[in-house]
Amino acid sequence: NTLRTLAQKKHVRGIVCEIKSLESGWPELEEFRSLLIEFRQAGKSVILYPHHLTLAELYLKSAVDSLLLSPAAPVMLTTPAFQSFYFQSLLKEIGISFEIQHIGIHKSAPEAMTRSFPSPMNRADLLEILDTFCTQMIREMTQDEEDFKRIAQLLGWGVFTVEEAVNLKFVDAVRFYD
């Protein structure tokens, strides 16, 4: 609401968006990115100043005019991942077992209680979801196919220096907040 209100104000030329920590899920991040794009479409500028650079802040960079980073900011660009838990061994140790009717090879919700690891189909499904998610996210971040390939390849590297992040065009400039 604040961004939409500021976008209507004639005396507001833009904002500096300082991000100390993004503790949100991807749906909220996508919504925030959409609001930043909407704000810019109203003719306003947006400068993003995160306290550290992760994939989330890099994703937001595609919606702003520039991303500035402190010289001491950590840069950790790791790819998204799933974390699944399987409790069959634990439950067996304490004497609990499940009897579940399983209909359909893609119906994997009960596996958390009936297996100690994902079934091959569940693993394939999770990897496909993750690949689709990563592809969509990088497509939204990039302008062309070459940039898509470059970012997709670099994201697996993980930790970068601030200078490397600038050279790789993840960061527009290195500045102190003031």
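General observations
- The range 32-53 - residue that is part of a helix (DSSP H, G or I) and among the aliphatic types (A, V, I, L, M) and, of those, least open to solvent (accessible area, probe 1.4 Å): 36
- Candidate set: the range 114-131, residues that are of a type in the set (D, E, K, R) and surrounded by 14 or more Cβ atoms within 10 Å (Cβ to Cβ); chosen: the one modelled with the lowest pLDDT: 115
- Residues that are of a type outside the set (A, V, I, L, M, F, W, C) and within 22 Å of the chain's Cα centre (by Cα) were ranked within the range 63-81; the one that is surrounded by the most Cβ atoms within 10 Å (Cβ to Cβ) is 70.
- Enumeration of residues in the range 133-149 that are over 13 Å from the mean Cα position of the chain (by Cα) and within 22 Å of residue 37 (Cβ to Cβ): 142, 143, 144, 145, 147, 148
- Checking 48, 126, 90 one by one, the residue that is closer than 30 Å to residue 175 by Cβ and not aromatic (Phe, Trp, Tyr) is 48 and no other.
- Screening 29, 60, 22 for residues that are in contact with a strand residue (DSSP E or B) (Cβ under 8 Å, 6 or more places away or on another chain) and either more than 26 Å from residue 166 (Cβ to Cβ) or open to solvent by less than 20 Å² (accessible area, probe 1.4 Å) (or both) leaves exactly one candidate, 60.
- Condition check for residue 56: among the small types (Gly, Ala, Ser), in a loop (DSSP other than H, G, I, E, B) and either within 28 Å of residue 124 (Cα to Cα) or under 23 Å from the mean Cα position of the chain (by Cα) (or both): no
- The one condition in (1) open to solvent by 50 Å² or more (accessible area, probe 1.4 Å); (2) of a type outside the set (Asp, Glu); (3) under 26 Å from residue 30 (Cβ atoms) that residue 155 fails to fulfil: (1)
- Residues satisfying the stated conditions in the range 46-85, i.e. under 30 Å from residue 108 (Cβ atoms) and touching a Cys at 6+ places or on another chain (Cβ under 7 Å): 79, 80
- Boolean, residue 148 is in a loop (DSSP other than H, G, I, E, B), open to solvent by less than 50 Å² (accessible area, probe 1.4 Å), in contact with a helix residue (DSSP H, G or I) (Cβ under 9 Å, 6 or more places away or on another chain) and closer than 30 Å to residue 65 by Cα: no
- Of all residue pairs spaced 6 or more apart or on separate chains, those with beta-carbon atoms under 8 Å, a first member in the range 136-163 that is on the phi > 0 side of the Ramachandran plot and a second member that is at pLDDT 80 or above and not aromatic (Phe, Trp, Tyr) are 158/76; 158/77; 158/78.
- In the range 82-113, the residues that are within 28 Å of the chain's Cα centre (by Cα), open to solvent by less than 100 Å² (accessible area, probe 1.4 Å) and of a type outside the set (A, V, I, L, M, F, W, C): 84, 86, 108, 110, 111
- If you go through the range 63-95 and keep only what is among the hydroxyl-bearing types (Ser, Thr, Tyr) and under 19 Å from residue 162 (Cα atoms), you end up with 66, 70, 78, 79.
The values are calculated or read from the model by the stated rules, or taken from the named source; none is laboratory data. Since we're looking at a predicted model, the values are computed, not measured. A quick note on method: Cβ atoms are made from the backbone with ideal geometry, for glycine too, and the neighbour counts reach across all protein chains shown. Accessible surface areas use protein heavy atoms only, side chains included; no ligands, DNA or RNA. Shrake-Rupley method; radii C 1.70, N 1.55, O 1.52, S 1.80 Å.
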